[in-house]
Amino acid sequence: MGESNCTQATEFSLTGFTEDPVTQVTLFLMFLFTYLVTILGNLGMILLIRGSPQLHSPMYYFLGNLAFVDLCSSTVITPKMLVDFISEKKGITYAGCVAQVFIFDLLGITECFLLAVMAYDRYVAVCHPLVYPLVMSPKHCFQLVIGSYLVGLTNGMGQTIGMSSLSFCGSSIIDLFFCDISALISLSTSDTTLSHIILRTSASLFGVSSSLVVLVSYVAIISAILSISSAEGKCKAFSTCTSHLTTVSIFYGASLFMYLKPSSDSSREEDEWAVVFYTVVTPMLNPLIYSLRNKEVKEALRRLTKIK
């Protein structure tokens, strides 16, 4: 009865991090630097891959798409967060919140599947090198990338549909620095059954399936590497996977900590910084990992610098 007479929220307030002006300036400068590194790193990786013929291979084709996804996902969150640091009113419209949920959830699952595709690529390269050119043909690689984006699109649309069924007639304060579907579900005053079903189904169907591909691929890769007799052969085979394995560990480690950790196990500040690591820091780290640990990327950058 009360729900039908309530006024639907048209704007949400974001709590941010702190009200202390000095701390806000410090955080603004820190996140601005992080965002600039993220933009330069991922954009630089995309341009380097496109401009270096020696990087025109399936692994770097997938890496270029991963850099694009990281670039977009960071841009969905960080600019708005930076504006809120220097604004008295930390608000976001309902339409803006819907857009943030849609794009962020689209890109999040897309990244999961791109990482799974990259793990499969490394599996074929290490375990079945003779058929690698056939299995990872340009057409097949394109289909795998498009499939990753389509799965992400499905997740984004599902979460947006779930959000559209929610009513926000009570508090409009989101205890976070961006619109996350979990926070919105807990804020809703209506029946959240559909939203919970969509959230859990997508997490189980998309998140678990992509992580299983990564896990199975690396079990097979490690098994194949251990069967190599020479130490040099083992190092060479493992070196092709270290950058991706590091990226996977950071991404899945941060996401699992963010979404599966019981809320009673830590304070609000710890939860908030876990979300920051997942949404802001991880997109910055990926290009740094590949540029610092990958010899081919460093060699391509050296050649491109010499040409110029």
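Top mean-square fluctuation among Thr282, Thr38, Thr110, Gaussian network model of the chain, C-alpha springs under 10 Å?
Thr282
Looking at Cys179, Ser210, Ser229, which one has the Cα that reaches farthest to the positive end of the dipole of the range 11-291 (charges on Cβ: Lys, Arg +1; Asp, Glu -1)?
Ser229
Compute the Kirkwood hydrodynamic radius of the range 72-124, taking the inverse of the mean of 1/r over all pairs of distinct Cα atoms, and give it in Å to one decimal. Present the calculation step by step, with values, prior to reporting the outcome.
Details: mean 1/r = 0.0768 Å⁻¹.
13.0 Å is the Kirkwood radius here.
Quick one: which of Lys80/Lys298; Lys139/Lys236; Lys236/Lys295 span more than 23 angstrom between C-alpha atoms?
Violating the 23 Å Cα-Cα cut-off are Lys80/Lys298; Lys139/Lys236.
Using a 10 angstrom Cβ neighbour count of at most 10 plus a DSSP loop assignment to flag exposed GluC sites (Glu not before Pro), which longest range of the chain is free of such sites? Spell out each step's value before the answer.
Values: sites that count: Glu19, Glu88.
No qualifying site falls inside 89-308, the longest such stretch.
Among Thr240, Leu66, Gly152, pick out the residue whose Cα is farthest towards the positive end of the charge dipole of the chain, where Lys and Arg carry +1 and Asp and Glu carry -1 on C-beta, about the Cα centre.
Thr240
Could you tell me, in Å, what Rg and Dmax come out for the Cα atoms of the range 130-173?
Taking only Cα atoms of the range 130-173, I get Rg and Dmax of 19.1, 62 Å.
So what is the calculated 222 nm ellipticity per residue for the chain, using -39500 (n - 2.57) for each DSSP H run with n of 4 or more, over all residues, to the nearest 500 deg cm²/dmol?
Numbers: 14 runs with 225 residues, N = 308.
So the helix-based figure for the chain works out to -24000 deg cm²/dmol.
Nearest 10 degrees, 0 to 90: what angle lies between the long axis of helix 58-85 and the longest principal axis of the chain (Cα atoms)?
Long axis of 58-85 versus the principal axis of the chain: about 30 degrees.
Assigning unit charges at the beta carbon (Lys, Arg +1; Asp, Glu -1) and nothing else, what dipole magnitude in debye, to the nearest 20, does the chain show about its Cα centre? Don't skip to the end; give the middle numbers.
Values: 18 positive and 21 negative charges, 346 e Å.
Here the size comes out at about 1660 debye.
In degrees, nearest 10, range 0 to 90: what is the angle between the Cα axis of helix 21-51 and the longest Cα principal axis of the chain?
With both axes taken from Cα atoms, the answer is about 40 degrees.
Please determine, in degrees from 0 to 90 and to the nearest 10, the orientation of helix 295-307 with respect to the longest principal axis defined by the Cα atoms of the chain, where the helix direction is its Cα long axis.
Around 90 degrees separate the two axes.
Report the convex hull volume per residue for the chain, counting only C-alpha atoms, in Å³. Before the final figure, lay out each step's value.
Values: hull volume 47.1 nm³, N = 308.
So the per-residue hull volume is 153 Å³.
Where a number appears in this text, it was derived from the coordinates with a stated rule and is not lab data. These numbers come from a predicted model, not from an experiment. Please note: Cβ atoms are built from the backbone with ideal geometry, for glycine as well, and neighbour counts cover all protein chains shown.
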